[in-house]
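Peer 1: Sharing a structure, written as structure tokens. Questions coming.
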Amino acid sequence: MVGQLAGSAHQGSTFFAHGIGGRQDLPISFSQVLVGAVAALVISFGALGLLWRTSRLRGAAAGRALPPGIQRGLDSPTLRWGLRMLGLLLTGFVAVAAFLGPDLATNPTATWIYVLFWVGLVPASLLFGPVWRQLNPIRTIHLGVSRLLQTAPDRGMLPLPRRLGYWPAAASLFSFTWLELVAPDRATTPVIRLYFLVYFFVHLLAAVVYGSHWFDRCDGFEAYSSLIGHMSPLGRRNDGQLVLRSPFNGLDALVPASGLVATVCVLLGSTAYDGFSSSATWVRTTTSSSLSPEVLGTLGLAGFVAAAIVTYSIATWLAGTLGTESRRALPGAFVHSIIPIAAGYVIAHYFSLFVFEGQHALILASDPLVKGWNLFGTAHRAIDYTVISASTIAVVQVLAIVLGHVMGVISAHDRAVRLFPPRQAVAGQLPLLALMICYTVGGLLLLFTS
Amino acid sequence: MRSFRLASAVVGLALGVAITLAGCGSGDDSSGSGTATSSPPPTAATTSPSAAGTTIDVTIAGGKVTPDPSRRVEVKTGDQVHLTVTSDTADEIHIHGYDIEKEVSAGGTVTIAFAADIPGQFEVEAHEISPGLLFTLVVK
């Protein structure tokens, strides 16, 4: 269908000027917006009346232990080292294309980074938990460096300051979403090379200074994978056993720390901005404005992230005021319930991109240096746009948003009945319900207007 | 485990409702537009049976695009599209997604004819002006 894919190489500085891939989803229909919004409302208030009155989730204490043999296999050094090597291999492959391949539209680097890696991290983490922790090549290289320096990898030169929390992850995720959505020439290899060289050295150096615990909460991609991975059926119980558990207990097990709200809001805000940036309103603004697209894009992205942080903070402040006798603020107490909503946004916005451009990534992989090779026999394939229909995409989008909402509401409900005295538990939940309904209806409207 | 069962019941219920209703929503739509859009016609059919097709004209002058580049041009899946671009400077016209690229010389006109057989939204842009958007092609 897209016959010219392999042949359309040219000096690709503007080829991806509007991001990766040429296709965007059709807007969802207004009846789907209505249905999604009504479902969200009904579920929210239904949950308030019907769900349990005392907390039932047990977080990290919950889960059914996997058979010992399977646990041993999953925790075995063989598998761990296999995954580390796989991470190095995949990174090495992309690095070869990025550093040795020409800067052409048919260089696979951009599609591999923005589609297979960045979008693919979400389904992988949803299924298997914090996968990037296992694959992260910087972690493996740090391990090697520690061997050379003959130091223990988890011991740095300085203790990792507690108040850093997730802030470095929030910053590194914001920088990556800025690269992905705003940066000039963001799909060209020099720009991607520069970004990841800086990323590599900053995080390697930080890990040498603070030890490998740095990666847990400070490497944006690991934090992203871990946060989404809290919804995985696979988890580690607080007694160390690998267990199968409900995503609600997984989310409940998330330990709040400073910067966590910002990290989750970066994910939510950046995805919302990506949807908004293709709306006619925003396109008209950028074409008529005297400001450059980069300045406007930066303001737009930062604005959406700030809006997510501000609305969440107001809701939790109100929840604290209405729900507790002590009127204390509860910033981190409900942030786990925003994660499924953010994941719903990501799936709604990038599901079709992953299906279509993921094929593109595999096609381009056969010729990483753009020399006419056909390493994996995929070079002459074309993207099959018939694998999913436009109406299937729309249904997946609405479902992702609504299901994210349902999971958010249930998670927040259980936390509220645990934190608040029974008489105030209903009132205390109202601000969060209102917030979630806003996010959900907002998400549906973004899909409708884009 | 009761909490899990209850929660999964709620999720299951929501899922059921959402599937039914989302299905209804998209059903309404396709009955409204009158044509099934599930499977695009094969690529070989470059000449569509309905000879009419859609004609789109764009002019680039002094770096400005007319008509307003924020417009959306809707065509039906499988339609034949004739895009004509007139530019006062040499440029390259790119239809995203379809990955069709054609040069236009200074003061010249280029016509691109293609079958719109991939549903979705596609940006059509010129590479030498900024912002380069000419219009958004909507294929449904």
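Peer 1: Measuring from label point to label point, each 7 Å out along Cα→Cβ, what is the B:V110 to A:V202 span in nm?
Peer 2: A separation of 3.9 nm, rounded to one decimal place.
Peer 1: Taking a 1.4 Å probe, which of A:M436, A:M85 shows the most accessible area, and what order do the others take after it?
Peer 2: Details: A:M436 0, A:M85 95 Å².
Most to least solvent-accessible, the answer reads A:M85, A:M436.
Peer 1: If you average the alpha carbon positions of the stretch A:35-72 and of the stretch A:104-143, how far apart do those two centres end up, in angstrom?
Peer 2: Measuring centre to centre over Cα atoms gives 29 Å.
Peer 1: Can I ask one more? Would you rank A:W282, A:W118, A:W317, A:W81 by solvent-accessible area, highest first, keeping every protein chain in place and using a 1.4 Å probe?
Peer 2: Accessible-area ranking of A:W282, A:W118, A:W317, A:W81, largest first: A:W317, A:W81, A:W282, A:W118.
Peer 1: Taking amide H atoms as placed 1.01 Å from N in the peptide plane, list the residues 5 or more away in sequence, or in a different chain, whose amide H sits under 5 Å from that of B:E74.
Peer 2: Placed amide hydrogens put B:V138 under 5 Å from B:E74.
Peer 1: Using a cut-off of 14 Å between beta-carbons, work out the net charge of the residues near A:G297 (Lys and Arg +1, Asp and Glu -1, A:G297 not included). Write down the numbers at each step before the final one.
Peer 2: Details: positive: A:R186; negative: A:E180, A:D185, A:D274, A:E294.
Overall, the nearby charge balance is -3.
Peer 1: Nothing charged except the Cβ atoms of Lys and Arg (+1) and of Asp and Glu (-1): what's the magnitude of the dipole of the protein assembly as shown about its Cα centre? Round to the nearest 20 debye. Intermediate values should be presented prior to the final figure.
Peer 2: Values: 36 positive and 34 negative charges, 635 e Å.
About 3040 debye.
Peer 1: Using each residue's phi in the stretch A:439-445, evaluate 6.51 cos²θ - 1.76 cosθ + 1.60 at θ = phi - 60° and report the 3J(HN,Hα) Karplus result to the nearest Hz, with x for Gly and Pro.
Peer 2: 4, 6, 5, x, x, 5, 5
Peer 1: Quick one: check the C-alpha center-to-center distance for the stretch A:254-288 versus the stretch A:183-201, whole angstrom.
Peer 2: Between the Cα centres of the stretch A:254-288 and the stretch A:183-201 lies a distance of 21 Å.
Peer 1: Any idea what Rg and Dmax come out to for the stretch A:217-366 if you just take the C-alpha atoms, in Å?
Peer 2: Cα radius of gyration and Dmax of the stretch A:217-366 are 18.7, 63 Å respectively.
Peer 1: Could you please report the charge total around A:A223, scoring K, R as +1 and D, E as -1 over all other residues with beta-carbon less than 12 angstrom from its beta-carbon?
Peer 2: Details: positive: A:R133, A:R217; negative: A:D216, A:D219, A:E222.
Combined, the nearby Lys, Arg, Asp and Glu give -1.
Peer 1: Given the protein chains as shown and a 1.4 Å probe, how many square angstrom of A:Y385 are accessible, to the nearest 10?
Peer 2: 10 Å²
Peer 1: Whole number in Å², please: accessible area per residue of chain A, 1.4 Å probe, ligands, DNA and RNA not counted. Intermediate results must be reported in sequence, preceding the final value.
Peer 2: Numbers: 18460 Å² over 450 residues.
Here the per-residue accessible area is 41 Å².
Peer 1: Using DSSP to define loop residues, name the trypsin sites (Lys or Arg not before Pro) in the stretch A:24-69 whose beta-carbon has at most 14 other beta-carbon atoms within 10 Å. Can you show the working numbers first?
Peer 2: Numbers: sites: A:R53, A:R56, A:R58, A:R64; in loops: A:R53, A:R56, A:R58.
Passing sites in the stretch A:24-69 are A:R53.
Peer 1: On to the next question. Share of Cα-Cα pairs in chain A beyond 30 Å, in percent?
Peer 2: Values: 47656 of 101025 pairs.
More than 30 Å apart: 47 percent of the Cα pairs in chain A.
Peer 1: A follow-up question, please. Once phi is turned into θ = phi - 60°, what whole-Hz ³J(HN,Hα) does the Karplus curve with 6.51, -1.76 and 1.60 give for every residue of the stretch A:396-410, x standing for Gly and Pro?
Peer 2: 4, 4, 5, 4, 4, 5, 5, 5, x, 4, 4, 5, x, 4, 5
Peer 1: Same structure again: About its Cα centre, what dipole magnitude does the stretch B:43-139 give when the only charges are +1 on Lys and Arg Cβ and -1 on Asp and Glu Cβ, stated in debye to the nearest 20?
Peer 2: For the stretch B:43-139, the charge dipole is close to 300 debye.
Peer 1: Have a look at A:I141, A:S279, A:A105 and report the one farthest towards the positive end of the charge dipole of the protein assembly as shown, computed about the Cα centre with Cβ charges (Lys/Arg +1, Asp/Glu -1).
Peer 2: With unit charges placed on the Cβ atoms, the residue in question is A:I141.
Peer 1: In addition: If you roll a 1.4 Å probe over the protein assembly as shown with all protein chains in place, what percent of the accessible area is carbon or sulfur? Don't skip to the end; give the middle numbers.
Peer 2: Details: 16290 of 24940 Å².
The C+S portion of the solvent-accessible surface of the protein assembly as shown is 65 percent.
Peer 1: What number comes out for the charge environment of A:L445, summing +1 per Lys or Arg and -1 per Asp or Glu over other residues with Cβ under 15 Å away?
Peer 2: Numbers: positive: none; negative: A:D25, A:D274.
The answer is -2.
Peer 1: Output ³J(HN,Hα) for the stretch A:276-284: one whole-Hz value per residue in order, computed from phi by the Karplus curve 6.51 cos²θ - 1.76 cosθ + 1.60 with θ = phi - 60°, and x for Gly and Pro.
Peer 2: Karplus-based 3J(HN,Hα) across the stretch A:276-284 equals 5, 5, 9, 6, 4, 4, 6, 4, 4 Hz.
Peer 1: If ligands, DNA and RNA are left out, what is the accessible area of A:E294 with a 1.4 Å probe, given in Å² to the nearest 10?
Peer 2: Ignoring ligands and nucleic acids, A:E294 comes out at about 60 Å².
Peer 1: Between B:I100 and residues 5 or more places away or on another chain, which pairs have amide H atoms under 5 Å apart, with H built 1.01 Å from N, and which residues are they?
Peer 2: Placed amide hydrogens put B:I95 under 5 Å from B:I100.
Peer 1: About the Cα centre, and with charges only on the beta carbon of Lys, Arg (+1) and Asp, Glu (-1), how big is the dipole of the stretch A:226-331? Nearest 20 debye, please.
Peer 2: Details: 6 positive and 5 negative charges, 33 e Å.
I would put it at about 160 debye.
Peer 1: Moving on to the next point. Long-range amide H contacts for B:I56: which residues qualify at under 5 Å (H placed 1.01 Å from N, peptide plane, sequence gap of 5 or more or a different chain)?
Peer 2: Amide H neighbours of B:I56: B:H82, B:L83, B:T84.
The values are calculated or read from the model by the stated rules, or taken from the named source; none is laboratory data. Quick caveat: nothing in here was measured; it's all calculated off a predicted structure. Cβ sites come from the backbone with ideal geometry, for glycine too, and all protein chains shown count toward neighbours. What goes into the accessible areas is simple: the full protein's heavy atoms, side chains included, and nothing from ligands, DNA or RNA. Shrake-Rupley method; radii C 1.70, N 1.55, O 1.52, S 1.80 Å.
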